[in-house]
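Visitor: A single structure is presented below for examination.
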Amino acid sequence: MAKPSITKLCVDLAATLREEVLPLLGDHEGRVHAGEADGGDVTFAIDERAEARMEAFLAERAPEVAFYSEDRGMVSAAGDRAEWVLVVDPIDGTRPALAGFESCCVSVAAARLDSEPTMGDVRVGVVGELKGGATFVAERGAGLEPGAHLSGNRSLERMFWTYGLRGRPALALMEVLAELVDASSVGGASFELGSATYDMTRVATGQLDAYIEPGPRIVDDVPGMREEFERVGGGAILNNSPYDLAAAALCLGEAGAIVTDAYGRDLAERPLLGATHEFQISCVCAANQELHAAICTAVDHGIERLTAGSR
């Protein structure tokens with residue numbers, strides 16, 4: 001189990017960032033473009049405010065701890081002496097936050113820094129809802145607080161699920177997800193809520209059955225798709241990076257849900273620190289193994305259709 005001090009640091013950082021950002025939710029001044037994140041996404045003024053607060057908090061409270069964030073990349077005041085790294089997305093779901101919606105979170109994960117850490121090295125994961133205030137805390141091997149309520153649904157036709165559209169070419173993504181969208185259209189529902197961590201923690205609460213994001217697989221498997229993603233992303237490939245998934249993946253794993261990439265492979269060996277395409281991670285999260293298997297089969301079919309069309 002992780003040291004309590006690291007868990008408390010993650011929880012306190014999440015609370016501090018919520019305190020900073022909460023008054024700004026829905027504020028149009030936060031929509032000003034302030035630059036470009038390490039992975040190529042737009043940095044809004046609200047992002048810059050949250051990143052600055054995070055940096056100040058850690059400089060004061062834990063200067064010996066390194067951090068990796070969406071906008072700052074890797075920062076270590078302690079240099080090679082740092083024993084821990086925090087992987088932080090101060091606002092996951094910036095666009096919902098700017099609209100004043102509740103589907104936005106702060107995400108903080110902690111891993112030992114004695115080697116090149118992977119997703120499997122994450123020891124602590126904290127996801128805090130910025131608007132609603134609910135906080136999910138997981139320590140590897142110790143379960144999820146405040147507990148989980150996984151859906152018992154095993155049917156695609158009754159599946160309530162979500163996906164990510166930001167920065168992805170819409171026609172390609174919908175081709176891959178079409179079988180799932182059609183199957184659940186009447187007896188279930190599909191949503192685009194704008195935050196991977198919010199989406200994933202909804203699986204833990206039982207509000208959703210699954211979260212599905214095949215973007216990196218589409219880029220890697222289908223000819224011509226890298227160029228399409230770069231077109232939509234303004235020259236960058238904008239899929240989920242480890243900082244989007246690290247905390248929520250641990251929370252869901254400790255809740256008993258199934259979390260893999262879009263090939264159905266475990267995420268444990270994926271590098272933790274990085275944001276460009278080679279670090280980005282596709283994701284299929286489901287409340288149970290049977291539903292997860294059916295989703296992966298449908299994604300396989302969608303990749304086959306998109307590949308055939310590209311020829």
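Visitor: What do you reckon, is residue 29 modelled with pLDDT under 90, buried (at least 20 other Cβ atoms within 10 Å of the Cβ) and charged (D, E, K, R)?
Guide: No, not satisfied.
Visitor: Hey, residue 166 hits all of (1) touching a residue at least 60 places away in the same chain (Cβ under 8 Å); (2) within 30 Å of residue 69 (Cβ to Cβ); (3) open to solvent by less than 50 Å² (accessible area, probe 1.4 Å) but one; which does it fall short on?
Guide: (3)
Visitor: Can you name the residue in the stretch 1-25 that is outside any helix (DSSP H, G or I) and modelled with pLDDT under 95 and is also least open to solvent (accessible area, probe 1.4 Å) among such residues?
Guide: Our first condition is that a residue be outside any helix (DSSP H, G or I); within the stretch 1-25, this holds for 1-3, 25.
Within this subset, residues satisfying the condition of being modelled with pLDDT under 95 are 1-3.
On the way: 1: 163, 2: 9, 3: 102 Å².
Only one residue tops the list, namely 2.
Visitor: Modelled with pLDDT under 95, over 24 Å from residue 76 (Cα atoms) and open to solvent by 20 Å² or more (accessible area, probe 1.4 Å): which single residue out of 264, 234 fits that description?
Guide: Within the list 264, 234, the selection yields 234.
Visitor: Just to be sure I understand the filter: pairs with C-beta atoms under 8 Å, separated by 6 or more residues or on different chains, first member in the stretch 92-105 and free of Cβ contacts under 8 Å to residues at least 60 places away in the same chain and part of a helix (DSSP H, G or I), second member among the hydrophobic types (A, V, I, L, M, F, W, C) and open to solvent by 10 Å² or more (accessible area, probe 1.4 Å). Which pairs pass?
Guide: The qualifying pairs are 94/44.
Visitor: Would you tally the residues in the stretch 76-95 being surrounded by fewer than 22 Cβ atoms within 10 Å (Cβ to Cβ) and not charged (D, E, K, R)? Walk me through how you get there before you give the answer.
Guide: Taking the stretch 76-95 and keeping what is surrounded by fewer than 22 Cβ atoms within 10 Å (Cβ to Cβ), we get 76-83, 95.
If we keep only those that are not charged (D, E, K, R) as well, we get 76-79, 82.
Of the residues in the stretch 76-95, 5 are surrounded by fewer than 22 Cβ atoms within 10 Å (Cβ to Cβ) and not charged (D, E, K, R).
Visitor: Can you work out which of the residues in the stretch 190-214 that are in contact (Cβ under 8 Å) with a residue 60 or more places away in the chain and aromatic (Phe, Trp, Tyr) is surrounded by the most Cβ atoms within 10 Å (Cβ to Cβ)?
Guide: Residue satisfying both the conditions and the ranking: 211.
Visitor: Can you work out which of the residues in the stretch 104-128 that are among the polar types (S, T, N, Q) and open to solvent by 10 Å² or more (accessible area, probe 1.4 Å) is modelled with the highest pLDDT?
Guide: Here the residue is 118.
Visitor: May I ask you to list the residues in the stretch 58-75 that are open to solvent by 20 Å² or more (accessible area, probe 1.4 Å), touching a residue at least 24 places away in the same chain (Cβ under 8 Å) and of a type outside the set (Asp, Glu)?
Guide: Of everything in the stretch 58-75, those that are open to solvent by 20 Å² or more (accessible area, probe 1.4 Å), touching a residue at least 24 places away in the same chain (Cβ under 8 Å) and of a type outside the set (Asp, Glu) turn out to be 61, 72, 74.
Visitor: Test of understanding: among 304, 254, 269, which residue is of a type in the set (D, E, K, R) and free of Cβ contacts under 8 Å to residues at least 40 places away in the same chain?
Guide: Step by step, each of 304, 254, 269 is checked, and only 304 is of a type in the set (D, E, K, R) and free of Cβ contacts under 8 Å to residues at least 40 places away in the same chain.
The values are calculated or read from the model by the stated rules, or taken from the named source; none is laboratory data. Keep in mind it's a predicted model, so treat the numbers as computed, not measured. Note that each Cβ is placed from the backbone with ideal geometry, even for glycine, and that neighbours are counted across all protein chains shown. Ligands, DNA and RNA are stripped out before the accessible areas are found, and what is left, the full protein with its side chains, is counted by its heavy atoms. Shrake-Rupley method; radii C 1.70, N 1.55, O 1.52, S 1.80 Å.
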